[in-house]
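Input: a single structure, listed below in structure tokens.
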Amino acid sequence: MSWFRRLREGITTATAEKKEAPDGLWHKCKECGATYPYKELRANYYVCQECGYHERIGAIDYFHLLFDDEEFTLLFENLEPTDPLKFKDLKPYKKRLQEAKKKTGLDEAMEVATGTVGGQDLVVCAMNFRFIGGSMGSVMGEKISMAVDYCLEHRVPLMIISKSGGARMMEAAFSLRQLAKTAGKLTLL
């Protein structure tokens, strides 16, 4: 296409000259469709500057918002869910876990971090709804239990940001057992 024709039709950049914008650079609001740099969304605490829609955020985003100077240390990162029951509904649980990990980049629905807020030490357990609906499985229960033990040992308060879809049905009784376990542990604080 000639330069003159592109100009007449309002096309000022040849297709061959166009470059793709990297993922994560721009954000489009799910509510109103406004588009603006992701950096602006983050600076506005994940609230759309056009319509006031609150975007869903994950655990790491919460940590960046909460902890002083956005500095924190992740705890208990080595825990990952397994498939003790070899559960299968529409697809095997093992495959569901693999897909959730690939889609989200997360190993589990909960992250735990320690840092300071206003100069005071704090441990935060935050759920990621994107990972199987933030459902509570045995790993989440174990992370909460370990966080409580860490808080007791270091005499630090605990905050839990809950966005859970309930117990993870694919772990059946292993998942349900976590309610009693975490409730018992929390009473120690």
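The values are calculated or read from the model by the stated rules, or taken from the named source; none is laboratory data. These numbers were taken from a predicted model, which means no experiment stands behind them. Cβ atoms come from the backbone with ideal geometry, glycine included; neighbour counts cover every protein chain shown. Ligands, DNA and RNA are stripped out before the accessible areas are found, and what is left, the full protein with its side chains, is counted by its heavy atoms. Shrake-Rupley method; radii C 1.70, N 1.55, O 1.52, S 1.80 Å.
His54 meets the conditions (1) more than 16 Å from the chain's Cα centre (by Cα); (2) farther than 25 Å from Asp149 by Cα in every case but one. The failed one is (1).
Select, from Gly33, Gly24, Gly10, the only residue that is surrounded by fewer than 13 Cβ atoms within 10 Å (Cβ to Cβ), assigned to a loop (DSSP other than H, G, I, E, B) and modelled with pLDDT of 90 or more.
On the way: Gly24 fails: modelled with pLDDT of 90 or more; Gly10 fails: modelled with pLDDT of 90 or more.
The unique qualifying residue is Gly33.
Scan region 161-189 for residues that are under 22 Å from Ile60 (Cα atoms) and open to solvent by 60 Å² or more (accessible area, probe 1.4 Å) and the total you get is 1. Screening Lys88 with (1) touching a Lys or Arg at 6+ places or on another chain (Cβ under 7 Å); (2) under 24 Å from Arg177 (Cα atoms); (3) open to solvent by 80 Å² or more (accessible area, probe 1.4 Å) gives one miss only, at (1).
Is it the case that Leu74 is in contact (Cβ under 8 Å) with a residue 12 or more places away in the chain and assigned to a strand (DSSP E or B)? Yes. State yes or no: is Ala113 touching a residue at least 40 places away in the same chain (Cβ under 8 Å) and closer than 20 Å to Phe72 by Cβ? In short, yes. A single entry from Ala100, Ala43, Ala59 fulfils the requirement of being free of Cβ contacts under 8 Å to residues at least 12 places away in the same chain and either open to solvent by less than 90 Å² (accessible area, probe 1.4 Å) or closer than 18 Å to Gly134 by Cβ (or both): Ala43. Taken over region 105-132, the residue count meeting the criterion of being surrounded by fewer than 16 Cβ atoms within 10 Å (Cβ to Cβ) and not aliphatic (A, V, I, L, M) is 6. If the condition is being within 16 Å of the chain's Cα centre (by Cα), aliphatic (A, V, I, L, M) and at pLDDT 95 or above, then region 76-125 contributes Val112, Ala113, Val124.
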